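Data block below; observations after.
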Amino acid sequence: MFERITEETDEDTSFGVEVSYMEIYNEKVHDLLNPANNNKNLRVREHPVLGPYVEDLAKLAVQSYNDVSHLMDEGNKSRTVAATNMNETSSRSHAVFSIILTQRKFNKPTGLTAEKVAKISLVDLAGSERADATGATGTRLKEGANINRSLTTLGKVISALAEQANKGTPKKKGGGKKDQIFIPFRDSVLTWLLKENLGGNSKTAMVAALSPAEINYDETLSTLRYADRAKQIVCKAVINEDPNAKIIRDLQAEVSKLKAIIKAEGLEAKIESYVFDTKSNGG
């Protein structure tokens, strides 16, 4: 990405890259890149167009891959981890690292600057837990319960989205509105924040981490079912840009197309003559 930005030669085009990093711990959102907000529970809100977002989440500008890697490492140091019987450094939270790329292009004929925005979200899910296997008690037990709850909700969301994609939302009997399958996004902070990533304006890929050990058979089977259902989700990605800028660009393309047709038909002289006669006659 940064190489392509460096290779851009258009003087009217500029780019900006920002990153954010948060964890979802016990259904609360913490900022991993802002020490002042690290222990503060941030609020999740929903924009009517852009979807769910975290209020007051820090966004830091970066200019290279090294900047991104450094901030990710710094954020990892603030993540909540603890020892269990199965893992000495077990993640006790889900984490979302986002990279926001903004392209700004100045249009000389109109004097307007159009923006296009893309976001890459890297989501690290904490693994499901069995209390008898991890030996969790007290705080660790509560953390594991919240992790399992959010993963269960994620499974329900994925299943509902896959079912919706397979059914194609058929019409109700009698020609009414289309059936809408309920998607429980708001049942968990994790699924609410991943609403656009899972079933909205996005392209989604899932990497499943599996264990060959027999003791982890149930977890491995559950993860494979997750991945199989996730493959069936159908997302429709569109360009994130100002609708007015899109209209102007489409009109300019239409004008260019008409000019090309006029030139190809050899009608330029006739049109110029008609325009001159109209002006001369005061039309």
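Observations, loosely collected:
- Proximity of backbone amide H atoms, modeled 1.01 Å from N, is registered between His94 and Ile24, Ala126 at under 5 Å, excluding neighbours fewer than 5 places apart on the same chain.
- Amide H contacts under 5 Å for Thr113: Asn107, restricted to partners 5 or more places along the chain or on a different chain, H placed in the peptide plane at 1.01 Å from N.
- Rg over Rh for region 1-98 works out to 1.07, both radii taken from alpha-carbon positions and Rh defined as the Kirkwood radius.
- Theoretical gain in end-to-end length, Thr139 to Lys77 [0.36 nm per residue, Cα-Cα removed]: 20.3 nm
- Length gained on full extension, Arg4 to Asp56, computed as 0.36 nm times the residue gap minus the Cα-Cα distance: 15.7 nm.
- Close amide H pairs (under 5 Å, H built 1.01 Å from N) link Tyr53 with Arg45, Glu46, His47, residues at least 5 positions away or on another chain.
- FRET E, pair Leu221, Phe182, Förster distance 30 Å, beta-carbon r, rounded to 0.05: 0.70
- A crude spin-label estimate for the pair Arg43 and Thr13, with each label 7 Å from Cα along the Cβ direction, gives 3.9 nm.
- For region 1-94, GluC sites (Glu not before Pro) meeting the loop criterion (DSSP other than H, G, I, E, B) and having at most 10 other Cβ atoms within 10 Å: Glu11, Glu55, Glu88.
- Modelled this way, with points 7 Å down the Cα-to-C-beta line, the labels at His70 and Glu163 are 4.9 nm from one another.
Every number in this text was worked out from the coordinates using simple rules, so none of it is lab data. As the structure is a prediction and not an experimental result, all values here were calculated from the model. Here the Cβ is made from the backbone with ideal geometry for all residues, glycine too, and neighbour counts use every protein chain on show.
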